[in-house]
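A short write-up of the structure that comes next.
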Amino acid sequence: MSNSYLSKNLDSLKKVEPALFEKIVSLNASSNYEVTRSKSGSPTLSRIDNQGKKSQIYSNYDPASEAIRYLKSLKIDESLNFIVIGLGLGYQVFEIVRSATSQTKIYIFEKDLELFALALREVDFSIIWEHPGVRLFVDANPLTLEALLEPEQTNFALNDYCVVKQKSLVDVDLEYYGILLGEIEKYFNETRINLKTQSIHSKLYFKNIFSN
């Protein structure tokens, strides 16, 4: 554990996401997860179930390379917008930020507040906090997403977005993340329909003006 990481991360979080800072600042790190060192030297993560059995969230060999391989399969260089499902220790997000422009929007959803509290102690999230397009939502209610998604409503609907999943974390809480993904897709599909309807009505309006 690095107290310097925790202090630095909390200071940054207070500036960029003050509401989340208030939720997280007094929390203890999750006892359901354990951070150890991978063979590459970077931290890796495992989950401990109620029977004490451990399951790996990240590779024991090289979590960063694992994230790079997965993101290449998604062809992230073709996307401007991202919705990340499951933050964990942030490997996927780090790679997205490194290849992103200042116009890239990265919306991150993490279910577990205590896992986030653990990650703040183990990883320096500086380059994530510093990117202007990053928004982080921890333990957000998937049925009340409209206010969270509204700032990029038109952008995500028209320019689309790439969904990036940390599958091993999603599998821990399939119900939550399943509802979350369904509500996100529903929201932007409805936005696309509304925009198309507005466009049709606008064209008809001007057509009627000129015909008169």
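The values are calculated or read from the model by the stated rules, or taken from the named source; none is laboratory data. Owing to the predicted nature of the structure, the values given are computational and were not obtained by experimental measurement. These accessible areas exclude ligands, DNA and RNA; they are computed on the full protein's heavy atoms, side chains included. Shrake-Rupley method; radii C 1.70, N 1.55, O 1.52, S 1.80 Å.
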Note to self: Per DSSP helix of 4 or more residues, -39500 (n - 2.57); summed, then divided by the residues of the chain. What does that give at 222 nm, rounded to the nearest 500?
What the structure shows: -15500 deg cm²/dmol
Next item on the list: Using the structure shown, select from K111/K167; K72/K165; K23/K167; K105/K165; K39/K75; K72/K167 the pairs with a Cα to Cα distance greater than 19 angstrom.
Entry: K23/K167; K39/K75
Notebook entry, point to check: Which label marks the calculated value of percent of Cα pairs over 31 Å apart, given the options (i) 17; (ii) 24; (iii) 29?
Noted result: (ii)
Margin query: How much length would be gained if the chain were fully extended between K39 and D139, taking 0.36 nm per residue of separation minus their Cα-Cα distance, in nm to one decimal?
Written below: 32.9 nm
Next item on the list: Would you mind telling me which residue in S12, S46, S73 has the biggest mean-square fluctuation in a Gaussian network model of the chain, where springs connect alpha carbons within a distance under 10 angstrom?
Entry: S73
Checklist line | Max mean-square fluctuation residue, GNM over the chain, Cα-Cα springs under 10 Å, options L74, L136, L120 | finding: L74
Notebook entry, point to check: Carbon and sulfur together cover what percent of the accessible area of the chain at a 1.4 Å probe radius?
Noted result: 50 percent
Item checked: Full-extension gain in nm, R69 to S126, via 0.36 nm per residue minus C-alpha separation -> 18.2 nm
Next item on the list: With springs only between Cα atoms under 10 Å apart, run a GNM on the chain and tell me which of K75, K165, K14 wobbles the most.
Entry: K75
